[in-house]
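The values are calculated or read from the model by the stated rules, or taken from the named source; none is laboratory data. All of these numbers come straight from a predicted model, not from anything done at the bench. Note that each Cβ is placed from the backbone with ideal geometry, even for glycine, and that neighbours are counted across all protein chains shown. The accessibility values were calculated without ligands, DNA or RNA, using every heavy atom of the protein model including side chains. Shrake-Rupley method; radii C 1.70, N 1.55, O 1.52, S 1.80 Å.
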Amino acid sequence: MRVADKLVEHGLRLLALSSVATLLSITFFIVREGAPLLYDAGLANFLSADWRPLTGHYGISAMIVGSALVTGGALFIGVPLGIACALVLGEMAPQRARLLLKPTIEILAGIPSVVYGFMGIAVLLPWIRQNLGGPGASGLAGAVILGVMILPTIIAISLDALRAVPASYREASLAMGATQWQTIWRVVLPAARSGIVAAVILGVGRAVGETMAVVMVTGNAVQIPKTPLDPLRTLTANLALEMAYAAGDHRSALFATALVLLLAIVILNTIAGFIQGRYHRSHKPHSRSRAALVPASTNVENAEVVSR
Amino acid sequence: MSTRLLSPVRAQLLASVVLWSLMGLAVAILVSILIFVLARGLPHVTWGFLSQAPIESGRHGGVFPIIAGTLQVTLLGVATAMPLGIGTAIYLVEYTREGRLTRAIRFGSECLAGVPSIIFGLFGFVLFVLTLGFGWSILSGGLTLALMTLPIVIRTSEEALKAVPAAYREVALSLGASKWQAIARVVLPAALPGILTGMILALGRAVGETAALIFTAGSSLPHRAPDSLLDGTRTVSVHFYQLAREGISADNAYASAAVLVLAISLINLGSSFAMGRFMRRYS
């Protein structure tokens, strides 16, 4: 029996390493495919703004700027909206309204990115073309669509940060005669601050990595846009558009682009994980009261996985 | 608000008006997306659409072989992710205390959850399609989806195992069961509904996926249901993407979108409902 038990334990440990192994092999293959270009063409070429892969120009900085711009725009829309939703759901809405609103947000999280992209093509692009001018397909369109798409991530993780604030904080504040808003603004939000920052960082990760919706609405022209109405191309769009027919150095350049993307995502996730970890440790003394208040299914990491 | 421009009572009123309207805006956006897609799509979702093969790259005809291909790719993906994810969860919950190894495993799983699907697509393309020689196939697509949904399975299985009260384990062990017997015969059956919920959730994620599949399962249009794991296929999401982007047929695009949105919403609502029930049972 003891031998069998040991065997099972070793087998399970092997399975448990599968996620780490996957992450490592993703990194390995992308570096293996992308590194030769960085070697051959050089970093200066790779970081220039000149992307003409057929003539040996592999500069991705226009795409980096494109990704940064749509992500920034998405935050401008998604962060206030997302935090407002989390505050209403977590602090203000009565139980019955919460039961109705929560599944709504869950549906929002499940809509596939191609459907968002299609909504962009069918509704947003014509609207921009008619009312604001320009070709319609633009950085602005990308920012609006992404702003809506990162909502579930920001809501779910902010909500967990709010829930982790012990009820005694609110009770003390209300008992001192503070209004609900004063309590939220001066007690709950400061206490939940790092969790909300983590939510925003993971929202950034979501926006930077989004592909299909962005391909469909941003126009994909390789240029550094001068106005929000100009088309642009993101790093992810570059991969999705050119991978199908790329060969040789061109393909290697795309993998190098993916490497930049992967690095950005891993860094963002590490920062978010670090902030969340510190945050949870700082609330440890209250973990008992928290456990009583929060159903087990709603911890931060779970929300993060599910909301994607 | 150190300056008293607003009395606390007015500030309270203003804040709730602003916050509730932002919430209303978010809900309105969602509801209008759903209504728009369903209102334009559902009228075209007929029995013929669901049961016929596509004609002229989807301009006419239906999506039957595509639905069959989607089911094969997603089920293969989830079926592969389940043993890996459940094994990981059992190891994390039942066999270890928090330490360097569990931190590494958690970090790996969380990073994996954040990796964009296009990167999974590229990885699957290099590893499964080219290096292992599976080609653009159900096998390549399914394995790629397995790695992508792994974090979801790990996380939900972990939650399900944690929800089983410690008393279950103690009673089994006190009756002379070995550790593995206690897990296999007592803990796992008790956690099963929660674990299955995670499976459904992973399925929902897999069905909506596009970027990871274009370069692994391929985007060639099948004319009959695929009958081998090495056949390439298009999934409903990929098909919808092609229809919408190439402007092939607006009606069929809306119809595919409606099928997709309806299926995924039902899957997600079902899993969230089941998870809620499961969690209540042990609290």
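Each residue of region B:50-59 is assigned a 3J(HN,Hα), and the resulting list reads 7, 10, 9, 7, x, 10, 6, 6, x, 5 Hz, derived from the Karplus form 6.51 cos²θ - 1.76 cosθ + 1.60 (θ = phi - 60°), x at Gly and Pro. For region B:198-283, the per residue solvent-accessible surface stands at 38 Å², with DNA, RNA and ligands left out and a 1.4 Å probe.
Which log10 I(q)/I(0) values does region A:163-270 give at q = 0.09 Å⁻¹ under the Debye formula, counting every alpha carbon as one identical point scatterer? Here log10 of I(q) over I(0) equals -0.44. If a/c stays under 1.5 just call it rounded; otherwise compare a/b with b/c (prolate if a/b is bigger, oblate if not). Do that for region B:151-283, with a ≥ b ≥ c from the square roots of the Cα gyration tensor eigenvalues. It comes out prolate by the Cα gyration axes.
Rounded to the nearest whole Hz, the Karplus-based 3J(HN,Hα) values (6.51 cos²θ - 1.76 cosθ + 1.60, θ = phi - 60°) of region A:235-252 follow the sequence 4, 5, 4, 4, 5, 5, 7, 9, 4, 4, 10, 6, 9, x, 4, 4, 5, 4, with x at glycine and proline. Placing one equal scatterer on every Cα of region B:1-45 and applying the Debye formula, the log10 ratio I(q)/I(0) at q = 0.33 Å⁻¹ is -1.02. Reducing region A:252-267 and region B:37-98 to their Cα centroids gives an inter-centroid distance of 28 Å. Quick one: Debye curve from the C-alpha atoms of region A:117-215, no solvent, what's log10 I(q)/I(0) at q = 0.15, 0.22 Å⁻¹? Ignoring solvent entirely, the Cα scatterers give -0.70, -1.00.
Sequence-ordered 3J(HN,Hα) estimates for region B:74-83 from the Karplus curve with 6.51, -1.76 and 1.60 and θ = phi - 60° stand at 5, 5, 4, x, 5, 5, 6, 6, 4, x Hz, glycine and proline given as x. Taking label positions 7 Å along the Cα-Cβ direction at both B:W20 and B:R185, the computed distance is 5.8 nm, reported to one decimal.
Springs join every pair of Cα atoms under 10 Å in this Gaussian network model of chain B, and among B:P43, B:P193, B:P65 the largest mean-square fluctuation is at B:P43.
Taken over the Cα atoms of region B:1-109, the convex hull encloses 275 Å³ per residue. Each 10 Å bin from zero holds the following percent of Cα-Cα pairs in region B:225-272: 25, 37, 33, 5. Measuring only protein heavy atoms, the 1.4 Å probe finds B:W180 accessible over about 80 Å². Taken along the Cα-to-beta-carbon direction at a fixed 7 Å, the label points for A:V31 and B:L192 span 4.4 nm.
I'd like the per residue volume of the convex hull spanned by the Cα atoms of chain B, given in cubic angstrom.
214
Summed over both chains, the contact between A and B buries some 7600 Å² of accessible surface at a probe radius of 1.4 Å. Think of it as helices only: each DSSP H run of n ≥ 4 in chain B is worth -39500 (n - 2.57), and spread over all residues that comes to -23000 deg cm²/dmol at 222 nm. Amide hydrogen proximity for A:Y58: with H placed 1.01 Å from N in the peptide plane, the residues at 5 or more positions away or on another chain lying under 5 Å are A:R52. Equivalent-ellipsoid semi-axes for region A:1-137 (Cα gyration tensor, √(5λ), whole Å, largest first): 38, 36, 13.
Once backbone amide H atoms are built at 1.01 Å from N, A:N220 has A:L232 as its partners under 5 Å, excluding neighbours fewer than 5 places away on the same chain. Would you please classify the overall shape of region A:113-165 from the alpha carbon gyration tensor, given that a ≥ b ≥ c denote the square roots of the eigenvalues, rounded means a/c under 1.5, and beyond that prolate means a/b larger than b/c while oblate covers the rest? It comes out prolate by the Cα gyration axes.
Close amide H pairs (under 5 Å, H built 1.01 Å from N) link B:G61 with B:I55, residues at least 5 positions away or on another chain. Placing a label point 7 Å from the Cα of A:A68 along the Cα-to-Cβ line, the residues of region A:30-56 whose backbone N sits under 20 Å from it are A:43-52.
Considering all C-alpha pairs of region B:70-124, those separated by over 13 Å amount to 71%.
Under 12 Å from the 7 Å Cα→Cβ point of B:V171, by amide nitrogen: which residues of region B:179-217? Output list for this probe position: B:186-187, B:190.
Could you compute the net charge surrounding B:A15? Neighbours are other residues with a C-beta less than 13 Å from the C-beta of B:A15; K and R count +1, D and E count -1.
Charge balance near B:A15 sits at +1.
Putting +1 on Lys and Arg Cβ atoms and -1 on Asp and Glu Cβ atoms, find which of A:L75, A:T27, B:I195 reaches farthest to the positive end of the dipole of the protein assembly as shown. Most positive-ward Cα: B:I195. For the pair B:T96 and B:S228, a Förster radius of 45 Å applied to the C-beta separation gives a FRET efficiency near 0.65, rounded to the nearest 0.05.
In terms of overall dimensions, the protein assembly as shown has a Cα radius of gyration and Dmax of 24.3, 76 angstrom.
Using only the Cα atoms of region B:131-221, what semi-axes does the equivalent ellipsoid have when each is the square root of 5 times a gyration tensor eigenvalue? Give whole Å, largest first.
Each semi-axis is √(5λ); the values are 38, 14, 8 Å.
Using a ≥ b ≥ c from the Cα gyration tensor of chain A (square roots of the eigenvalues), is it rounded, prolate or oblate, where a/c under 1.5 gives rounded and otherwise the larger of a/b and b/c decides, a/b for prolate? Oblate. The distance between label points at A:D50 and A:K6 comes to 6.5 nm (points 7 Å beyond Cα on the Cα→Cβ vector).
Per residue, the Cα convex hull of region A:3-59 amounts to 90 Å³.
Counting only Cα atoms, I'd like the Rg/Rh figure for region B:28-76, Kirkwood definition for Rh. Reported Rg/Rh, Kirkwood definition of Rh: 1.10.
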